[in-house]
Amino acid sequence: MKNDRTEKDGGSMNGKRETALVAGGAGFIGSHLCRTLLDQGHEVICLDNLQTSREVNLRMLEGHRAFTFVRGDIVDPLPDAVTRRRDISRIYNLACAASPPQYQADPEHTMLTSVVGTDRLLRLAEQVGARFLLTSTSEVYGDPEAHPQREDYRGWVNCTGPRACYDEGKRAAEAMAFDFARLGRADVRVARIFNTYGPNMHPDDGRVISNLVCQALSGDAITIYGDGSQTRSFCFVSDMVDGLIRLMEAPLSDMAPVNLGNPEEYSILQLLDQVVAATGTRSQVVFQPLPVDDPRRRRPDIRRASQLLGWEPRVPLSEGLAITCAFFEKELYDRAPGFAC
Ligand code: UDP
């Protein structure tokens, strides 16, 4: 998919040097966001508890003179190194474990990260007059009856199931963000992120692309949950970061979330075919039970993002997968230098 926008209209901050706080900036999407903001000439403060991030993501950023890392958990009071910075003009909240096995490992902390953590960051935005962007999730649609999912679809979420700590936490965070906006306390934007993949994912993340690619490269059995007919739509990380920055910088007047994701939909078996093609693997495939409340179908309707932000994804799955496979190949080699696929 292509569009003909220029880099100049691609959400850069109008040439003005901003100071961005990126909560969760050492994580998968966060580390790419920090890198892009630094490349655009901005100052970046990354706040992260390093719970699910790869420390090497951070090491790649730490050499930059406009980059500051602060270790902290947004569930706790924000560190002084953050609260004393009155120059913060943008706050991106990407702090939360996002892979089902990881966010289910400590569900109470996951819920508090979205609820308490978002409240702390919104209050900071109010105090310093910063614009605030919440990364919400396609999970707010639950196991959707509407397809593709538009932002005005209210979802079908099991509020007592094992995914609820994440889904309901993000739904509460959205509610809070829009209340801050309604009350004039902060200028907020809410992105509903659909499945995203690319370099800097953790090999042990547990999500489908990292699992399948690493299993294929290592020659391990490839795990397909259920019969593999469930669908997802996979967005390459550079497209996602572009969408997030555009959303932050757009002059928005209406209060509504914006879907960000790639609308090309694949069954997990179709994804498997692509992974096999990209890696040439001869791994066997094993079918395992479908996790509880695993959504059957997921595809974003991105008309709102396209109209408001002039955004749509550019990187097709085959291209993104090739880049991701090369990343994981190196990652696995660094872990075990004898490794060869
Ligand atoms: N999945 C799979 N094998 C794996 C990991 C995941 O078949 O090793 C399936 C999972 O059941 C789901 C889809 O792939 O249907 C996407 O899972 P993921 O954890 O990446 O994200 P989700 O969209 O479920 O949050």
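Quick note: the coordinates plus some simple rules give every number you see, no bench work behind them. This one's a predicted model, so the numbers in the text were calculated from it and none came from an experiment. Cβ placement follows ideal geometry from the backbone for every residue including glycine, while neighbour counts extend to all protein chains displayed.
Worth a mention:
- Gap separating the Cα centres of the range 73-132 and the range 223-300, nearest whole Å: 25
- In terms of other Cβ atoms within 10 Å, Val286, Val276, Val241, Val258 run from fewest to most in the order Val286, Val276, Val241, Val258.
- The antiparallel fraction among DSSP beta bridges confined to the chain stands at about 10%.
- Selected from Gly15, Gly72, Gly198 as most flexible by GNM, with the chain as the system and alpha-carbon contacts under 10 Å: Gly15
- In the range 6-101, the GluC sites (Glu not before Pro) that fall in loop regions by DSSP, at most 12 other Cβ within 10 Å: Glu7
- The relative contact order of the chain, computed from alpha carbon pairs under 8 Å that lie at least 6 residues apart in sequence, is 19 percent.
- Average silhouette area of the range 17-333, convex hull of alpha-carbon atoms, in square nanometres: 14.9
- In the elastic network of the chain, a GNM with C-alpha springs shorter than 10 Å, the most mobile of Asn195, Asn93, Asn49 is Asn49.
- The average projected area of the range 1-140, computed from the convex hull of its Cα atoms over all directions, is 9.4 nm².
- Ascending count of other beta-carbon atoms within 10 Å, so fewest first, for Ile222, Ile302, Ile323: Ile323, Ile222, Ile302
- Shape index of the range 68-187: Rg/Rh, with Rg the Cα radius of gyration and Rh the Kirkwood radius from the inverse mean 1/r over Cα pairs, equals 0.99.
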